[in-house]
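Chemist: Take this structure, written in structure tokens, and hold onto it; I'll ask about it next.
The values are calculated or read from the model by the stated rules, or taken from the named source; none is laboratory data. Not measured: the values here are computed from a predicted model. Ideal geometry is used to build each Cβ from the backbone, glycine not excepted, and the neighbour counts take in all protein chains shown. Side chains included, ligands, DNA and RNA excluded: accessible areas come from the protein's heavy atoms. Shrake-Rupley method; radii C 1.70, N 1.55, O 1.52, S 1.80 Å.
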Amino acid sequence: MMALIFRTVVQLAGILLSLLGWVLSCLTNYLPHWKNLNLDLNEMENWTMGLWQTCVIQEEVGRQCKGFDSFLALPAELRIARILMFLSNGLGFLGLLASGFGLDCLRIGERRQELKKRLLIVGGTLFWTAGIAALVPVSWVAHVTVQEFWDETLPEIVPRWEFGEALFTGWFAGFSLLLGGCLLNCVACSTHAPLASGHYAGAETQYLRQRLEMTNTYPKI
């Protein structure tokens, strides 16, 4: 009984972590805060850049954003980041579907425990892939930002881009997806699928009770 409760808790923790990571990765994809730029000459004006648009924030006017005109005109890290973030979002969604149907607490398919175990493994693997697909572009953009910030060939008066909030959101999303997928894979591979609850488990208990009564009625000579 305790093993079943522990298994269910770990499964729920894994899918909740993965769900959190998937939601955050979707936010990271669309947030225009991958890079921040503060102008020393005009402290009332701040610039932000995302995968899809650049925004300027002014105290008098407010926020004004403009989308990028051309995909091919973007830097390489932003082009690859768009593709990988879309891949992460798609794989995370598929992982939610697969692992959701593989949970032991779900009554659907409770007689086919081997299939539910395979769905958990597939879902965990998809979450792993989604996490890596989210961490790679975020880390790449952060690496390029650090290189450009410490570029000695640029004059010191030139403003430098710095880390935006979306990068930290993306890192947290990627690690949440990795941890959630790891929990699902571990609980699916380390233990045997338990008997389902409800009428299936009751029928199995009744069958064992009948066998025990038959053994007591006809003892061996």
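Chemist: By its C-alpha gyration tensor, with a ≥ b ≥ c as the square roots of the eigenvalues, how is region 126-195 shaped: rounded for a/c under 1.5, else prolate for a/b larger than b/c, else oblate?
Modeler: It comes out prolate by the Cα gyration axes.
Chemist: Once amide H atoms are built 1.01 Å from N in the peptide plane, which residues 5 or more positions from Gly164, or in another chain, come under 5 Å H to H?
Modeler: The list, which skips near neighbours in sequence, is Lys35, Asn36.
Chemist: Solvent-accessible area per residue for region 48-91 at a 1.4 Å probe radius, Å²?
Modeler: Solvent-accessible surface per residue comes out at 57 Å².
Chemist: Which chymotrypsin sites (Phe, Trp or Tyr not before Pro) in region 34-80 pass both tests, a DSSP loop state and at most 11 other beta-carbon atoms within 10 Å? Intermediate results must be reported in sequence, preceding the final value.
Modeler: Details: sites: Trp34, Trp47, Trp52, Phe68, Phe71; in loops: Trp34, Trp52, Phe68, Phe71.
Those satisfying the criteria are Phe71.
Chemist: Moving on. Rank these residues by their accessible area, most exposed first, probe 1.4 Å: Phe127, Phe149, Phe172.
Modeler: The most accessible residue leads, giving Phe172, Phe149, Phe127.
Chemist: Whenever you get a sec, compute what percent of the accessible area on region 35-76 sits on carbon and sulfur atoms (1.4 Å probe).
Modeler: 52 percent
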